[in-house]
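Where a number appears in this text, it was derived from the coordinates with a stated rule and is not lab data. Model, not experiment: these values are computed from the prediction. Cβ placement follows ideal geometry from the backbone for every residue including glycine, while neighbour counts extend to all protein chains displayed.
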Amino acid sequence: MAEENVIRYRIGYALEQKKVQTFIQSSLIIHARNRGIDLIPIDLGKPLIDQGPFHCIIHKLSGPKWRKQLQEFSSRNPDVIVVDPLDYVERLHNRISMLQVVNELKICQKSEISFGIPKQIFVENPASFYDCIETEGLKFPVIAKALVANGSVNSHQMFLVFNKEGLEGLKPPIILQEFVNHGGVIFKVYVAGEHVKCVKRKSLPDISEETLDTSQNLLSFSQISNLTSQDQIDESVDRLIEEAEMPPMSFVTEIANGLKQVLKLNLFNFDVIRDSSVGNRYLVIDINYFPGYSKLPSYETILTDFFLDIVQQKKQRTSSGDHLPPYKVKPCCSDDKT
Ligand SMILES: O=P(O)(O)O[C@@H]1[C@@H](OP(=O)(O)O)[C@H](OP(=O)(O)O)[C@H](O)[C@H](OP(=O)(O)O)[C@H]1OP(=O)(O)O
Ligand SMILES: Nc1ncnc2c1ncn2[C@@H]1O[C@H](COP(=O)(O)OP(=O)(O)O)[C@@H](O)[C@H]1O
Ligand SMILES: [Mg+2]
Ligand SMILES: [Mg+2]
């Protein structure tokens, strides 16, 4: 084969093993490689500063040690883009600051469609539970969520609280958020830089007045499917998802771009529900850093397009003196499965 010069870019990834398995699939490695992107694993057992060279680093790690590694690396390699800076990622590790961002969006709300977040309060001690609910005017049922959203098992553990008695089973500090009936379907909007995709997923079923009257006081999330038999749930949920109408894509994209600007992040998704009692009112309930992109159809294309956007923008920015020029190598010569 004739030797041909092709510009190649090196993207280093720093991810926990579980995330490597789901995200760095061979289909992504191959697709990216064919388009000039080499995905290079960062060895978490070695100093970052000794690794590279990279044009860009992507990561889903946090903590003081990783922060220090990134700082040292960036000060020595100022042209390497870190997607995304830890300071901005950390805003998503707290379920209050995470959703405050939605209220900061500067999007003109149109009369036929609106968005916001569910009413929520942070309760620090058990004595103030009921006072807080009264003061803020939260209605039962409420959903109790951990303040921290750092990917730990605890941070995903939630409770449905049907009444005042249910509050006694909770351990503050905790967030109480109004449960909003939304037809059992959630919209997940995935953002990778300029690229935005919205998909429908199964959610918690609506809670009727009767259920509220007759249910137990407190239900941990994993038990929600016990409300009806599993078979009934599976069938009706599939139908619900199929029949649910997607929010207008122009609206979804506007929110996605607004969030991207305020959060200063490239890789995230957000969960949206449509308030059944209002109709065209959408509520953002969760924002996740570096979510499970591999669940999206054609995630390989979306992510590779994003990587190219990043490295090509970088090339423009540093055209007066690139510290790390694109490598010129033979095409498809690497057998590295990363
Ligand atoms: O593992 P997956 O593919 O289900 O992805 C999880 C996400 O699922 P989603 O893409 O929104 O359906 C998941 O989203 P949710 O919080 O479940 O809405 C989180 O982003 C999760 O990361 P973490 O545990 O919060 O650090 C993500 O987990 P990690 O893959 O980052 O561990
Ligand atoms: N305010 C709410 N009203 C109705 N359902 C909710 C609400 N908040 C969360 N849920 C349901 O609980 C699920 C998990 O909550 P979420 O805040 O997204 O936490 P996680 O970070 O663990 O995904 C959502 O996908 C949705 O099904
Ligand atoms: Mg969620
Ligand atoms: Mg989440």
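Backbone geometry of the stretch 46-60 corresponds, through the Karplus equation with coefficients 6.51, -1.76 and 1.60 at θ = phi - 60°, to 3J(HN,Hα) couplings of 10, x, 4, 4, 8, 10, x, x, 10, 8, 7, 10, 10, 7, 9 Hz, x marking Gly and Pro.
For a label point 7 angstrom out from the Cα of residue 165 toward its Cβ, which stretches of the stretch 200-220 have the backbone nitrogen within less than 11 Å? Hits in the stretch 200-220 for residue 165 at 11 Å: 214-218.
Available extension along the chain between residue 71 and residue 212 is 45.7 nm, counting 0.36 nm per residue and deducting the alpha carbon span. With a simple spin-label model that places each label point 7 Å from the Cα along the Cα-to-Cβ direction, the separation between residue 257 and residue 100 comes to 2.7 nm. Shown in residue order for the stretch 15-25 are the 3J(HN,Hα) couplings computed by the Karplus curve 6.51 cos²θ - 1.76 cosθ + 1.60 at θ = phi - 60°: 9, 5, 4, 4, 6, 4, 4, 8, 8, 8, 7 Hz (x for Gly and Pro).
Mean Kyte-Doolittle of at least 0.0 and a Cα length of 15 Å or more along the axis: which whole DSSP H helices of the chain meet both? Counting only whole DSSP H runs, the qualifying helices are 249-263. Shown is the FRET efficiency for residue 242 and residue 7, computed with R0 = 30 Å from the Cβ-Cβ distance and rounded to the nearest 0.05: 0.10. Enclosing the Cα atoms of the stretch 94-289 in their convex hull gives a volume equal to 127 cubic angstrom per residue. Averaging over all projection directions, the Cα-based convex hull of the chain occupies 20.7 nm² in the image plane.
Relative contact order, whole percent, for the stretch 94-289 stands at 28, derived from Cα pairs under 8 Å and 6 or more residues apart.
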